[in-house]
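Asks: Got a structure for you, written out below as structure tokens; questions coming shortly.
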Amino acid sequence: MLVDYLLRQPNRMFPPILVVVEEPWVGKPDAPEWVEGEDGEERAGRSSLRFSSLDSEGRVGLADLHGVSIFVIDGSHRWMGISGLMELIAKGHLQLRKKDGASTGPVINMDELAEEHHIDPASIPAMEHETMGIELIPAVMKGETREEARRRIRSVFVHVNKSAEPPSVVTRK
């Protein structure tokens, strides 16, 4: 259970979660953002991720996430673990759930988890303010067709999963 990991690991860290950012127009073939390209195919007139650069190279900036849909393509288990921790902090207890959302097993309260992991229950709410990376991937980039965008996203997903390595345990002597 990832909530256990987050509670018991004082130097906890997750790799970034990869998400696809999609504005509502992406799924609407007749949206004005889709324009006819020189080849006659419908192509995106702009990226589905609005980004305002703050540096001359376009490496640092602000992403506008108002009104977008965000889909996790790598890190869904990490997301579920973080969501469980947020539920624990908000409600003071955690209900384990199946994939379909149905509850399974007894409710676990924060004091029981704190005792089990030998941590101060008062330290748990502070975890709500910790940070982790999220990589934003546009669902479609300027000039792409829907099919090219789909292949690009699929390629990212396949590459990440092919090159993923299981976590290793570091032991100290």
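FYI, it's all coordinate maths here, none of it is from the lab. Fair warning: this is a prediction, and the values are worked out from it, not measured in the lab. Because the Cβ atoms are built from the backbone with ideal geometry, glycine has one as well, and the counts that use them run over all protein chains shown.
Asks: Roughly how big is the range 2-162's charge dipole about its Cα centre, with Cβ charges of +1 (Lys, Arg) and -1 (Asp, Glu), in debye to the nearest 20? Walk me through the numbers before you get to the answer.
Replies: Values: 19 positive and 27 negative charges, 74 e Å.
That gives a dipole near 360 debye.
Asks: Are there trypsin sites (Lys or Arg not before Pro) in the range 20-113 that DSSP puts in a loop and that have at most 11 other Cβ atoms within 10 Å, and which ones? Show your work: numbers first, answer last.
Replies: Numbers: sites: Arg43, Arg46, Arg50, Arg59, Arg78, Lys91, Arg97, Lys98, Lys99; in loops: Arg46, Arg59, Lys98, Lys99.
Those satisfying the criteria are Arg59, Lys98, Lys99.
Asks: Near the amide H of Ile73, under 5 Å away, which other amide H atoms are found, from residues 5 or more places off or on another chain, if H is placed in the peptide plane?
Replies: Leu18, Val19, Val20
Asks: Give me a comma-separated list of calculated 3J(HN,Hα) values for the range 53-59, in order, Karplus coefficients 6.51, -1.76, 1.60 applied at θ = phi - 60°, integers in Hz, x for any Gly or Pro.
Replies: 6, 10, 10, 6, 9, x, 8
Asks: Modelled label-to-label distance, Ile89 and Arg152, 7 Å Cα→beta-carbon offset: nm?
Replies: 3.4
Asks: Between Gln9 and Lys162, what is the label-to-label distance in nm when each label sits 7 Å out along the Cα-to-Cβ direction?
Replies: 2.7
Asks: Among Val26, Gly143, Ser103, flag the residue with its Cα farthest along the positive direction of the charge dipole of the chain, charges on Cβ as +1 for Lys/Arg and -1 for Asp/Glu.
Replies: My answer, from the dipole projection, is Ser103.
Asks: Check cross-link reach from Lys98 to the aspartates and glutamates: straight Cα distance under 19 Å, and skip same-chain residues fewer than eight apart.
Replies: Asp4, Glu87
Asks: Now, a different point. If each DSSP helix of 4+ residues adds -39,500 (n - 2.57) and the sum is divided by the residues in the chain, what number results at 222 nm, nearest 500 deg cm²/dmol?
Replies: Details: 4 runs with 48 residues, N = 173.
So the calculated ellipticity at 222 nm is -8500 deg cm²/dmol.
Asks: Note down the magnitude of the dipole of the range 34-109 about its Cα centre, charges +1 on Lys and Arg C-beta and -1 on Asp and Glu C-beta and zero elsewhere, to the nearest 20 debye.
Replies: Numbers: 9 positive and 11 negative charges, 159 e Å.
Approximately 760 debye in magnitude.
Asks: Over the chain, what is the relative contact order in whole percent, taking alpha-carbon pairs under 8 Å and six or more residues apart? Before the final figure, lay out the partial values.
Replies: Numbers: 220 pairs, mean separation 55.7, N = 173.
Computed over the chain, the figure is 32 percent.
Asks: Enumerate by residue number the GluC sites (Glu not before Pro) in the range 79-170 meeting two conditions: DSSP loop (anything except H, G, I, E, B), and at most 12 other Cβ atoms within 10 Å of the site's Cβ. Spell out each step's value before the answer.
Replies: Numbers: sites: Glu87, Glu112, Glu115, Glu116, Glu128, Glu130, Glu135, Glu144, Glu147, Glu148; in loops: Glu130, Glu144.
Answer in residue order: Glu130.
Asks: Please give the FRET efficiency for Asp64 paired with Ala31, using the beta carbon to beta carbon distance and R0 = 22 Å, rounded to the nearest 0.05. Write out the running numbers ahead of the final one.
Replies: Working: r = 17 Å, r/R0 = 0.79.
With R0 = 22 Å, the Cβ-Cβ based efficiency is 0.80.
Asks: What list of ³J(HN,Hα) couplings, whole Hz, do you get for the range 30-43 from phi and the Karplus terms 6.51, -1.76, 1.60, once you set θ to phi - 60° and write x for glycine and proline?
Replies: Each residue's phi maps through the Karplus curve to give 9, 5, x, 6, 8, 10, 6, x, 4, 8, x, 8, 6, 10 Hz.
Asks: If you take the beta carbon distance between Glu41 and Glu135 as r and set R0 to 22 Å, what does 1/(1 + (r/R0)^6) give as a FRET efficiency, to the nearest 0.05? Before the final figure, lay out the partial values.
Replies: Numbers: r = 28 Å, r/R0 = 1.28.
Calculated value: 0.20.
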